[in-house]
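Everything below concerns the one structure shown next.
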Amino acid sequence: MAQSSDRRKFGQITKLPSGRYRARYADPDSRETAVGEPLRYNAPHTFESKDDAEAWLVDERRMITAGSWTPPLARRASRLAAPVTVGDYAPRWLAGRKVKGRPLAERTRDHYQDLLDRFILPTFADVGLKDVTPEAVAEWYDTAADTPTYQAHAYSLLRAMMRTAADPTRNSGAALIPFNPCGISGGGSSGTKRRIRPATAQEVAAIVAAMPERHRLMVLLADGCALRFGELAELRRSDIDIPQGVIRVRRGVVRSRSAGVIAKAPKSEAGIRDVPIPPDIIEAVREHTRHHAAPGPQGLIFPGRNTEHLSPSAFYGKVSKKRRGKLSTRGWGWYEARRVAGREDLRFHDLRHGALTEAARHGATLAELMALGGHSTNQAAMRYQQAASSRLAELARKRAESRGWTASEAAADEI
């Protein structure tokens, strides 16, 4: 039994015993039921607040005035009968997407949204899920993206979405489509990977010399300790144990359009690791910390403007430009330093690749490489096959010796 009723110029709002609100109104043409009572139309659901009920009545009256009104239940049935389009389904799929039971990381979500906006929705937004055919997918695949990498990523995303739509266990027991139309063999692969030529010791030295002084250590640590840019940007004084010669990687900084700058733990347990510092760069670590790190135990080793996280643009800088054979714009940062070293093809992440390649060349086992790089392709194997930190330190020593460092230098440092 309703507790109270609010009669209005248009419609009626009633508060129910449950505390929710029911909204209804009389037939616009004053029609009656078979027993002669006024025909009324109820909202298809009750409302949590009175304001929500009033808003529904306002919308209904607006449709009546515009001449576009149909009974609420007829409209609901029409919506349910309408095919679900890719444009309808994609936001729901992305919002509910999880990997290993966890929501997508911010940068991954941004990447997926970018793929949807640029490559998938322009073709399929208004196409019903059931109307996406293998032929349509094949035609789209050949023309959607202008690079093999984007082509593979966009196809993989569409395939994952359609796989979910075809899975009855993901859709309350009733699949939205009879089968996954994405069946292109190898469609999710971008083909031949970029071949990386690791930087030589001489090239790294040339890059370091051409870098701004406050960023030179970043190059040395990427090359010597296989650290990622995000891990370096989040390093703090308390993460570096100079007497022990160890960097404790516990966090990394990531940037995304939706969430901004976030410092968080690595995606997997393998990313949390202690990395030995090659002994030939220990003094560089000590000097940098003394002169360039932010103050306090939690001070950033590589602070940006106003002691905030270092931005990629502040590190990468820009390359010098010439006009008519003369230098018109002087460059700085990573881009300029690699040009000076004659390695404009070298990416910063390639230093990490080179460090792992060198470690393997000096005899590192698979488990040791996974521990050094923080890789986790098989977490169970990592739990049972732990690499000894002493062995990693020995690998770091061998790398230092290959660059000309000798134990006598360490003895001199202790004096």
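Any read-out appearing in this document is the output of simple, stated calculations on the displayed coordinates, not a laboratory observation. Bear in mind that the values here come from a model prediction, so they are computed numbers and not experimental data. Here the Cβ is made from the backbone with ideal geometry for all residues, glycine too, and neighbour counts use every protein chain on show.
Given only helices, namely DSSP H runs of n ≥ 4 each adding -39500 (n - 2.57), what is the per-residue ellipticity at 222 nm of the chain, to the nearest 500 deg cm²/dmol? Can you show the working numbers first?
Details: 18 runs with 178 residues, N = 415.
When only DSSP H runs of four or more count, the value is -12500 deg cm²/dmol.
When only C-alpha pairs under 8 Å and at least 6 residues apart count, what is the relative contact order of the stretch 313-364, in percent? Please report the intermediate quantities before stating the final value.
Values: 44 pairs, mean separation 13.3, N = 52.
Value for the stretch 313-364: 26 percent.
When the Cα centres of the stretch 260-307 and the stretch 59-74 are compared, how far apart do they sit, in Å?
A separation of 62 Å, based on Cα centres.
Which order do W332, W93 fall in if you start with the one that has the fewest other Cβ atoms within 10 Å? Please list the in-between numbers first.
Values: W332 16, W93 19.
Starting with the residue having the fewest Cβ neighbours, the order is W332, W93.
On C-alpha positions alone, give me the angle between the axis of helix 86-96 and the longest principal axis of the chain, in degrees, nearest 10.
60
With volume of the Cα convex hull per residue in Å³ defined as stated, name the option among (i) 168; (ii) 272; (iii) 137 computed from the structure displayed.
(ii)
Can you sort E234, E203, E287 by how many other beta carbons sit within 10 Å, fewest first?
On the way: E234 24, E203 18, E287 13.
Ascending Cβ contact count within 10 Å gives the list E287, E203, E234.
Pull up all non-local amide H partners of T85: gap of 5 or more, or a different chain, and H-to-H distance under 5 Å with H placed in the peptide plane.
When sequence neighbours closer than 5 places are left aside, the close amide H contacts are L129.
Kindly provide the trypsin sites (Lys or Arg not before Pro) of the stretch 28-90 that DSSP labels as loop, not H, G, I, E or B, and whose Cβ sees at most 13 other Cβ atoms within 10 Å.
Values: sites: R31, R40, K50, R61, R62, R75, R76, R79; in loops: R31.
Here the trypsin sites (Lys or Arg not before Pro) that fit, given the DSSP loop and packing criteria, are R31.
Between T14, T169, T357, find the one with the highest GNM mean-square fluctuation for the chain; connect C-alpha pairs within less than 10 Å.
Maximum fluctuation in the GNM of the chain, among the listed residues, is at T14.
At 0.36 nm per residue, minus the direct Cα-Cα distance, what do T33 and S238 gain on full extension? Give it in nm, one decimal, please. Working shown, then result.
Details: separation 205, 0.36 × 205 = 73.80 nm, distance 7.81 nm.
Contour length minus Cα-Cα distance gives 66.0 nm.
Just A265, A55, A355 to compare: in a GNM of the chain, with alpha carbon springs under 10 Å, which one fluctuates most?
Maximum fluctuation in the GNM of the chain, among the listed residues, is at A55.
Does anyone have the angle between helix 72-81 and the longest principal axis of the chain? Alpha-carbon axes, 0 to 90°, nearest 10?
So the helix axis and the longest Cα principal axis differ by about 50 degrees.
Of K9/K50; K50/K98; K267/K318, which ones are farther than 26 Å apart at the Cα?
Details: K9/K50 16 Å; K50/K98 36 Å; K267/K318 31 Å.
Among K9/K50; K50/K98; K267/K318, the Cα-Cα distance tops 26 Å for K50/K98; K267/K318.
Please rank M161, M63, M370, fewest neighbouring Cβ atoms within 10 Å first, as an exposure proxy. It would help to have the intermediate numbers written out before the result.
Values: M161 25, M63 14, M370 22.
Neighbour counts put them in this order, fewest first: M63, M370, M161.
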